[in-house]
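Enquirer: What follows is a single structure, and I will ask about it in a moment.
FYI, it's all coordinate maths here, none of it is from the lab. It should be emphasised that the depicted structure is a prediction, and the values quoted were computed from it without experimental measurement. With ideal geometry, Cβ positions are generated from the backbone for all residues, glycine too; neighbour counts draw on all protein chains shown.
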């Protein structure tokens with residue numbers, strides 16, 4: 001009996017140590033969020049670019065030329081996206097005051113509707129929520145946040161280049177280390193496959209969503225359709241709620257330009273396209289999936305957003321995969337946490353649970 005109590009105490013103490021360690025590490029990462037965001041983005045981009053680099057080398061490109069081709073391509077894509085975003089945001093800020101009359105009309109309609117249902121709207125009637133000053137200030141704030149994030153892209157691209165150089169020799173290093181009997185290289189290979197699968201799925205489906213929605217918005221005549229398409233692509237990296245965030249600006253713009261009908265078409269289009277990609281295409285591409293339950297994915301969004309800021313929402317799934325594969329699944333004391341994070345069908349069957357074995361041993365004694 002005393003032995004069982006000691007075992008329970010030891011397990012409880014270990015659990016407390018694990019929780020304390022997680023809290024300490026999370027607080028440290030929160031303090032260094034800017035650096036971690038840059039390194040994490042560079043790491044993920046290098047993983048996504050490695051297959052292209054290896055393909056060029058297999059096709060006979062010299063290593064230096066293949067690396068230069070991939071790096072220049074990444075730089076050009078990033079610069080084009082940054083240029084489109086900055087120019088579009090500036091145009092949005094300049095155009096917002098022209099919608100002041102429409103915004104005021106929407107506010108009057110809202111006040112009238114709420115008032116007819118007995119809702120006190122005195123504060124809303126006197127508020128300056130839809131004033132051009134507030135709108136411009138909000139746009140400037142959003143633009144400054146975007147520019148602040150993009151300001152670290154040069155350093156990040158430099159990191160990507162060096163990581164790609166390292167990635168060329170990485171398989172040979174892994175092979176030599178595996179011969180030495182270490183278990184970590186196998187985990188690194190599994191992590192690499194999981195991250196690459198997630199990135200491929202997200203980029204492909206996100207680009208498909210963005211192209212379809214951009215075409216729909218162009219056909220409807222929604223202003224800044226290209227900007228909203230880029231936003232839809234970026235927000236595709238945030239599971240479940242990213243498409244809702246991406247839907248709000250174009251739906252609002254459609255409401256100002258074409259009324260409720262156009263806004264409703266945009267909303268329904270986002271819902272249909274997202275549902276088709278998530279429920280039809282994604283299972284075909286991902287197969288068994290990421291071995292993360294939906295609840296864990298949602299919780300990871302809030303956790304990493306708290307730790308790393310807004311960029312943490314974009315990095316939530318990759319960071320959770322890294323923690324699960326490299327740390328939680330690596331030790332006996334934490335493997336149960338990794339199993340809980342997985343869907344039921346993905347949890348490996350390890351046979352008879354430990355408590356049952358302990359009970360039988362006590363009975364035999």
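Enquirer: At 7 Å along Cα-to-Cβ for each site, give me the label-to-label distance between residue 257 and residue 25 in nm.
Expert: Label at residue 257, label at residue 25, 4.7 nm between them.
Enquirer: What is the order of 204, 153, 304, fewest Cβ neighbours within 10 Å to most?
Expert: 204, 153, 304
Enquirer: If you don't mind, another one. If each residue of separation counts as 0.36 nm, what is the full-extension length gain between residue 241 and residue 344 once their alpha-carbon separation is subtracted?
Expert: On the way: separation 103, 0.36 × 103 = 37.08 nm, distance 2.35 nm.
My answer for the length gained is 34.7 nm.
Enquirer: Another one. Once fully extended, how much extra length lies between residue 82 and residue 158, figured as 0.36 nm per residue of separation less the alpha-carbon to alpha-carbon distance? Let's see the in-between values first.
Expert: Values: separation 76, 0.36 × 76 = 27.36 nm, distance 1.67 nm.
Once the chain is fully extended between residue 82 and residue 158, it gains 25.7 nm.
Enquirer: If neighbour count is taken as other Cβ atoms inside 10 Å, put 311, 298 in order from fewest to most. If you can, show how the numbers build up before the last one.
Expert: Working: 311 19, 298 14.
In order of increasing Cβ crowding within 10 Å: 298, 311.
Enquirer: Rank these for me by crowding, 14, 58, going from fewest to most other beta carbons within 10 Å. Can you show the working numbers first?
Expert: Values: 14 12, 58 9.
Ordered by Cβ neighbours within 10 Å, fewest first: 58, 14.
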